[in-house]
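Engineer: For reference, the structure I am asking about is given below.
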Amino acid sequence: MKIVYLLCFILCFTSLSFGQLISNAPWMSQFSEQDIKTNNIRFQEIIDAFNSYWETRDPMVKGSGYKPFKRWENYWSSFVDQDGYLPTKSFLWQTLQDKYQISRSRTSKATSNWYPMGPFWHTNTGSWSSGQGRVNVVVVDPNNPNTYYVGAPAGGIWKSTDAGQTWIPLSDQLGQIGVSGIAIDYSNSDTIYIATGDDDAGDTSSIGVWKSTDAGVTWNETGLNPSNSPNKLTDLNINPNNSNMLWVASEGGIYKSVDGGLTWDNKHSGSFTALDVKPGDPNVVYAATPSKFYKSTDAGDTFIQITAGLPTVASRIAMDVTPANPEVVYLLVANPSSGFKGVYRSNDSGQSFFQTAQTADIFESPQAWYDLAIAVSDTDENMVFSGCLNIWKSTNGGESFSKLNSWNAPNQATYTHADIHYIQFFGNQVFVGSDGGFYKSSDDGTNFTDLTKGLQIGQFYRIAVSKTDSNKMVGGLQDNGGYAFSDTTWKNYYGADGMDTAIHPQNSNHYYGFIQSGGNLYISENAGNSNTMTIPAPTGESGNWVTPLEMNKDGELYAGYKKLYKLTGNSFQPISQNFNSIIDYLELDPIDSDIIYVAINNVLNKSTNHGQSFTSSANFNSNISSIEVNNEDNTIVYLSTAGTDGKVFKSVDGGYNFTDITGNLP
């Protein structure tokens, strides 16, 4: 049994993770721009389009773009409304306010002693791609080179005042938000703006631009807020000569404010993914959609499309400029399949471009819809860094690039973890945000230092806690593999996407963890200090993205595919009938090991003979999202269902009849 199930159910309704479509993914091309913009596409339609796209492609290739979508699908499948659509941000924003109102109206308030367990840092004890959490944006205070801000896709904004050695969270009061853009007032560092949401993977949707006037201690919404913000905000810039003027790129267009965020005007419609201001001349603003480049010469009031030298078709454009030569603009362009198209350079302030000689694939993957970045040195217009899967570097103005690192070599001096979402120069330092964290180089990429320590931004799928020692636990992190906690230290003992986990009830040093789709089971017999054994998936089987893994009180380990499997020796062996559909959730009775519950879609199945046979015990109106059996009375079973109309149920007859106990939950 895992206490995380009910906790996750509760947290889902206290977060701001609003449903967001991944609009620029190649399988979304069959839908109209208007339907994407208005979220007028049913969740199942998106799944069908994705599955159709992958019928002729290999999803197992590293960097294929398959995994980011499966993460998105797994998370948002629990939020689909009665009509099959993802909920609007206004609906979920109101849900959060309702939750706060319930808390405020309680006549008696119970105290709790929750405190953060991290991971704030980790030791790599076996991962081939170690990392800690995804980073979307990093900004240095223009008035203090030792003050950094980091934005995470679902972990909010964090601040360091000692050049990344320690970090503090700034947005806990806003719930679980993403941050993809940060702008600091050049004349007053206490004034900070954030563009909320996850601009790459859709983990969170935007609740607008928020503003702090006390260096991030408190935040207030601006005129672009939960009631009117587009779902996706990307680059956020502030005029260095006029602190009241800001621009933000969004899937709803280019927005501009001239009164410090009090009001915003949509200056140009379209889905924009990048925005930059010309160094030394804030009247010149550059912006890009996934396929077009625009330029403004009147501080963003009007824009014209530039086509000279640029490709006619593309799926994403990353952009950067440099004070070393303000006339230079670089574009990194993806082809319609999200693969490498080319590097394009302008020497006349974006009036015309030419393609550089670089033709080798510096993306190394067709996943530019998910992550893409380019940066130019502040002091050398010819030094260019690019990133998609790994980091590449040019010293001749983009004419040729050399590869700096490899995603599966974490001991490299240049290691930055795979999947690059952000690269930016600040003075003579280059900062990188990737799926694994925040990295900095002070020697033009010869060495990178991991500055993620202290950032609690890891995204757990599941956790398990030892029955005999609460200081031992194991969990699976999105992007960053299996994390084992023992001896007060988190240990990253295997890579990929860490999923469901277990700890042996009689031997608390035996940890078990799946990767995505139940592909491999990784076993550590020394509390995460190394990976002791790898067990392959059953032949011909592939589980859900999060394949259920459970261990009973007797130390028997079970996994749910289309059949229920039990670990016997060094392999999984089937013990149940074929359900002809993949098992979603698995619950083992904590008192009687003969009793096993299996959930498939909206049907609860129960076995009373150790899994040899199952019968349907209960049906629900929406898919089951968790099951829990009372630890002291196994006739009591709790169950929750998914969707915006999801509910909590209780059975007092061993899972045959259930009563709705949702009460006043939003």
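The values are calculated or read from the model by the stated rules, or taken from the named source; none is laboratory data. Just so you know, these numbers come straight off a predicted model, no measurement behind them. All Cβ positions, even for glycine, are placed from backbone atoms using ideal geometry, and neighbour counts span all protein chains on display. We work out accessible area using only protein heavy atoms, side chains counted, and drop any ligands, DNA or RNA first. Shrake-Rupley method; radii C 1.70, N 1.55, O 1.52, S 1.80 Å.
Engineer: Quick check on the chain: helices-only [θ] at 222 nm, where DSSP H runs of length 4 and up contribute -39,500 (n - 2.57) each and the sum goes over total residues. Nearest 500, please. Before the final figure, lay out the partial values.
Structural biologist: On the way: 5 runs with 53 residues, N = 666.
Computed ellipticity for the chain at 222 nm equals -2500 deg cm²/dmol.
Engineer: Let me ask something additional. Which shape class, rounded, prolate or oblate, goes with the stretch 519-651 when its Cα gyration tensor gives a ≥ b ≥ c as root eigenvalues, a/c under 1.5 marks rounded, and past that a/b bigger than b/c marks prolate? Let's see the in-between values first.
Structural biologist: On the way: a/c = 1.67, a/b = 1.50, b/c = 1.11.
Prolate is the answer for the stretch 519-651, as a/c is 1.5 or above and a/b outweighs b/c.
Engineer: Which value in nm describes the separation of the simple spin-label points at E525 and D259, placed 7 Å from the Cα toward the beta carbon?
Structural biologist: 7.0 nm
Engineer: From the P(r) of the stretch 144-294, can you give the percent of Cα pairs sitting at distances over 28 Å? Don't jump to the answer; show the numbers that get you there.
Structural biologist: Numbers: 1461 of 11325 pairs.
It works out to 13 percent of all Cα pairs.
Engineer: Once the dipole of the chain is set up with Lys and Arg at +1 and Asp and Glu at -1 on Cβ about the Cα centre, which of T38, V598, A195 lies farthest towards its positive end?
Structural biologist: V598
Engineer: Separate question: For the stretch 523-554 and the stretch 577-612, compute the distance between their C-alpha centroids and round to whole Å.
Structural biologist: Each part's Cα centre sits 18 Å from the other's.
Engineer: Mind jotting down the three principal axis lengths of the stretch 232-331 based on Cα atoms? Whole angstrom, largest first.
Structural biologist: The Cα atoms of the stretch 232-331 stretch 37, 32, 19 Å along their principal axes.
Engineer: Per residue of the stretch 139-146, what does 6.51 cos²θ - 1.76 cosθ + 1.60 with θ = phi - 60° give for ³J(HN,Hα)? Whole Hz please, x for Gly and Pro, Karplus curve as stated.
Structural biologist: Each residue of the stretch 139-146 in turn: 9, 9, 4, x, 9, 8, x, 9 Hz.
Engineer: How high is the FRET efficiency between T161 and M117 when r is their beta carbon distance and R₀ equals 25 Å, given to the nearest 0.05?
Structural biologist: Values: r = 24 Å, r/R0 = 0.96.
Given R0 = 25 Å and the Cβ-Cβ separation, E is 0.55.
Engineer: Now for a different question. Is there a quick way to get the dipole size of the stretch 397-529? I mean about its Cα centre, with the Cβ of Lys and Arg at +1 and of Asp and Glu at -1; what is the value in debye to the nearest 20? Display every interim value, and only then the final one.
Structural biologist: Details: 7 positive and 12 negative charges, 68 e Å.
Dipole about the Cα centre, nearest 20: 320 debye.
Engineer: On C-alpha positions alone, give me the angle between the axis of helix 43-53 and the longest principal axis of the chain, in degrees, nearest 10.
Structural biologist: Approximately 80 degrees, to the nearest 10.
Engineer: Something else about it: With labels modelled as points extended 7 Å from the Cα through the Cβ direction, what inter-label distance (nm, one decimal) is found for D48 paired with T449?
Structural biologist: About 5.4 nm, to one decimal.
Engineer: How far is the Cα center of the stretch 399-471 from the Cα center of the stretch 645-666, in Å?
Structural biologist: 43 Å
Engineer: Past 27 Å, Cα to Cα, is the threshold; run K37/K562; K67/K491; K62/K491; K70/K99 against it and keep the listed order.
Structural biologist: Working: K37/K562 37 Å; K67/K491 23 Å; K62/K491 24 Å; K70/K99 29 Å.
Too far apart for the 27 Å limit: K37/K562; K70/K99.
Engineer: Still on this structure: When the dipole is taken about the Cα centre of the stretch 496-568, and only Lys, Arg (+1) and Asp, Glu (-1) are charged at their Cβ, what size is it in debye, to the nearest 20?
Structural biologist: Working: 4 positive and 7 negative charges, 32 e Å.
Dipole about the Cα centre, nearest 20: 160 debye.
Engineer: If one takes the longest principal axis of the Cα atoms in the chain, at what angle in degrees, from 0 to 90 and to the nearest 10, does the Cα axis of helix 66-76 lie?
Structural biologist: For helix 66-76, the angle is close to 60 degrees.
Engineer: Something else: With unit charges on the beta carbon (Lys/Arg positive, Asp/Glu negative), name the residue among A418, Y512, G164 whose Cα is farthest towards the positive pole of the charge dipole of the chain.
Structural biologist: Y512
Engineer: Under a Cβ-Cβ cut-off of 12 Å, what is the net charge of the residues other than T191 that fall near it, where Lys and Arg count +1 and Asp and Glu count -1? Show your work: numbers first, answer last.
Structural biologist: Values: positive: K211; negative: D141, D185, D190, D214.
Here the charged neighbours net out to -3.
Engineer: Something else now. Dividing the alpha-carbon Rg of the chain by 2.2 N^0.38 Å yields what? Show your work: numbers first, answer last.
Structural biologist: Details: Rg = 25.0 Å, N = 666, 2.2 N^0.38 = 26.0 Å.
Rg over 2.2 N^0.38 Å, computed on Cα atoms: 0.96.
Engineer: Here's another thing I want to ask about it. Using the Kirkwood radius built from alpha carbon pairs, what does the Stokes-Einstein equation give as D for the stretch 384-447 at 20 °C and 1.002 mPa s, in µm² per second? Each step should come with its number before you reach the end.
Structural biologist: Working: Rh = 11.6 Å.
In µm²/s, the coefficient is 184.
Engineer: Another one. Under the classification rounded if a/c is under 1.5, otherwise prolate if a/b is larger than b/c and oblate if not, where does the stretch 455-522 fall, given a ≥ b ≥ c as square roots of the Cα gyration tensor eigenvalues?
Structural biologist: Working: a/c = 2.08, a/b = 1.30, b/c = 1.59.
Because a/c hits 1.5 or more and a/b fails to exceed b/c, the stretch 455-522 counts as oblate.
Engineer: Can you tally the net charge around P26? Count Lys and Arg as +1, Asp and Glu as -1, for every other residue whose Cβ sits under 14 Å from the Cβ of P26. Before the final figure, lay out the partial values.
Structural biologist: Details: positive: R57, R316, K341; negative: E55.
Every neighbour counted, the sum reads +2.
Engineer: Could I ask something else about it? Just to confirm the filter: which trypsin sites (Lys or Arg not before Pro) across the stretch 41-145 are DSSP coil and have at most 12 other Cβ within 10 angstrom of their Cβ? List each step's numbers first, then the result.
Structural biologist: On the way: sites: R42, R57, K62, K70, R71, K89, K99, R104, R106, K109, R134; in loops: R42, R57, K62, R106, K109, R134.
Qualifying residues, ordered by number: R106, K109.
Engineer: Now for a separate question. Leaving out ligands, DNA and RNA, and with a 1.4 Å probe, what % of the accessible surface on the stretch 130-267 is carbon or sulfur?
Structural biologist: Numbers: 1710 of 4020 Å².
Carbon and sulfur: 43 percent of the exposed surface of the stretch 130-267.
Engineer: Give the distance, in whole Å, between the Cα centre of the stretch 209-285 and the Cα centre of the stretch 286-315.
Structural biologist: Cα centroid of the stretch 209-285 versus Cα centroid of the stretch 286-315: 18 Å apart.
Engineer: Among rounded, prolate and oblate, which fits the stretch 92-198 when a ≥ b ≥ c are the square roots of the eigenvalues of its C-alpha gyration tensor, a/c under 1.5 means rounded, and a/b larger than b/c means prolate? Let's see the in-between values first.
Structural biologist: Values: a/c = 1.96, a/b = 1.27, b/c = 1.54.
Because a/c hits 1.5 or more and a/b fails to exceed b/c, the stretch 92-198 counts as oblate.
Engineer: While we're looking at this one, here's another question. Could you derive backbone 3J(HN,Hα) for the stretch 565-570 from the dihedral phi with the Karplus parameters 6.51, -1.76 and 1.60 (θ = phi - 60°), listing whole Hz in sequence and x where the residue is Gly or Pro?
Structural biologist: Whole-Hz 3J(HN,Hα) from phi for the stretch 565-570: 10, 10, 6, 10, x, 10.
Engineer: Roughly how many debye, to the nearest 20, is the charge dipole of the chain about its Cα centre, given +1 on each Lys and Arg Cβ, -1 on each Asp and Glu Cβ, and no other charges? Walk me through the numbers before you get to the answer.
Structural biologist: Working: 40 positive and 65 negative charges, 107 e Å.
Result for the chain is approximately 520 debye, rounded to the nearest 20.
Engineer: What's the ranking of 202-214, 139-151 by average number of surrounding C-beta atoms within 10 Å, highest first? It would help to have the intermediate numbers written out before the result.
Structural biologist: Numbers: 202-214: 23.9, 139-151: 19.7.
Answer by packing, highest mean first, reads 202-214, 139-151.
Engineer: Using just the alpha carbons, could you tell me how many Å³ per residue the convex hull of the stretch 33-158 encloses? Don't skip to the answer; put the middle values down first.
Structural biologist: Numbers: hull volume 30.9 nm³, N = 126.
So the per-residue hull volume is 245 Å³.
Engineer: Per residue, what volume in Å³ does the Cα convex hull of the stretch 72-120 take up? Walk me through the intermediate numbers first.
Structural biologist: Details: hull volume 7.2 nm³, N = 49.
Convex hull volume per residue, Cα atoms: 148 Å³.
Engineer: Something else now. Kirkwood-based Rg over Rh for the stretch 290-390 (C-alpha set), two decimals? Before the final figure, lay out the partial values.
Structural biologist: On the way: Rg = 13.2 Å, Rh = 13.8 Å.
That ratio equals 0.95.
Engineer: Put +1 on the Cβ of each Lys and Arg and -1 on the Cβ of each Asp and Glu in the chain; which of G543, N480, G151 then has its Cα farthest toward the positive end of the dipole?
Structural biologist: In the chain, that residue is G543.
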